[in-house]
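I have placed the structure first, in the form of C-alpha cells, so that the comments after it can refer back to it.
Just so it is clear, none of the values below were taken in a lab; they were calculated from the coordinates. Everything quoted here is computed from the prediction, not taken from an experiment. Reconstructed Cβ throughout: ideal geometry from the backbone, glycine too, with neighbour counts over all protein chains shown.
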Amino acid sequence: MSLELVWEEAGVVRIFSGTVTTEDVRNSIEKVHADIRFPMLEYSINDFLAVTSIDVSKSALANAAMRTIGDSHSNASILVAIVATQPEIQALAGFYSSPSYMPYPAKMFGSVEGARRWIADHSS
C-alpha cells in the first residue's frame with residue numbers, strides 16, 4: 001500500500017493506493033492523530049480511488065475507530081469525506097463512518113471534487 005498525506009491549510013488528504021491492509025488504516029490514523037496539527041484540523045478527505053484491493057475486516061475497523069473516538073476529545077469537529085467507487089470499499093467505509101464508530105460528520109463521495117464541495121458548504 002501506498003499512503004500519501006497531503007496537509008492543507010485547514011485539513012489533510014489521505015491518498016491510498018494499491019492494496020490496503022488493516023495495518024495501513026491503523027498507521028494512517030496514528031500519523032494524522034499524532035500530528036501537532038490534529039487539534040486544528042477541520043477536515044479529512046480519505047481518497048481510495050487508486051486502491052486496487054482491500055484486506056480489512058469490520059472488526060479491525062471497529063478497533064481502529066476506538067482510536068478516533070478516543071482522540072476526538074482533542075478535536076471534536078472534523079468533517080470526514082470518504083472518496084471511493086468500489087463497492088467493497090464503500091461498504092467498509094459505510095460501516096466505519098456509521099454513528100456507532102465515527103464521532104465526526106462523515107459522508108461518502110465518488111470524487112474528490114464532490115468531497116471538497118461538501119466541505120466548503122459545511123466549513124465555518
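What length, rounded to one decimal in nm, is gained on full extension from GLU9 through to GLU23, with 0.36 nm per residue of separation minus their alpha-carbon distance?
Numbers: separation 14, 0.36 × 14 = 5.04 nm, distance 2.72 nm.
Value of the extension gain: 2.3 nm.
Using Cα pairs closer than 8 Å and at least 6 residues apart in sequence, work out the relative contact order for the range 2-122, in percent.
Across the range 2-122, relative contact order equals 24 percent.
Describe numerically, in nm with one decimal, the distance between label points set 7 Å from Cα along Cα→Cβ at LYS107 and at MET66.
Spacing of the two 7 Å Cα→Cβ label points: 3.2 nm.
From the C-alpha gyration tensor of the chain, pull out the three semi-axes of the equivalent ellipsoid (sqrt of 5λ each), sorted largest to smallest, in whole Å.
20, 17, 14
Karplus couplings for the range 78-94 from phi (6.51 cos²θ - 1.76 cosθ + 1.60, θ = phi - 60°), rounded to Hz, Gly and Pro as x?
Each residue of the range 78-94 in turn: 10, 7, 10, 10, 10, 10, 7, 10, 7, x, 5, 5, 4, 5, 5, 5, x Hz.
How would you rank 24-30, 108-114, highest first, on the average number of other Cβ atoms within 10 Å across their residues?
Put in order of decreasing packing, that is 24-30, 108-114.
What 222 nm value per residue comes from the helices of the chain, counting each DSSP H run with n ≥ 4 as -39,500 (n - 2.57) and dividing by all residues, nearest 500 deg cm²/dmol?
That comes out to -12000 deg cm²/dmol.
Rg/Rh for the range 1-58 to two decimals, with Rh computed the Kirkwood way over all alpha-carbon pairs.
Result for the range 1-58 is an Rg/Rh of 0.98.
Given labels modelled 7 Å from the Cα in the Cβ direction, how far is it in nm from LYS58 to SER123?
Label-label distance for LYS58 and SER123, simple model: 3.5 nm.
Mind giving me the nanometre distance, one decimal, between the label points for ILE36 and ASN75, set 7 Å out from Cα along Cα→Cβ?
Reported label-point gap for ILE36 and ASN75 is 1.4 nm.
Apply the Karplus curve 6.51 cos²θ - 1.76 cosθ + 1.60, θ = phi - 60°, to the phi angles in the range 34-41 and return the couplings in whole Hz, x for Gly and Pro.
These are the phi-based 3J(HN,Hα) values: 7, 6, 5, 7, 4, x, 9, 4 Hz.
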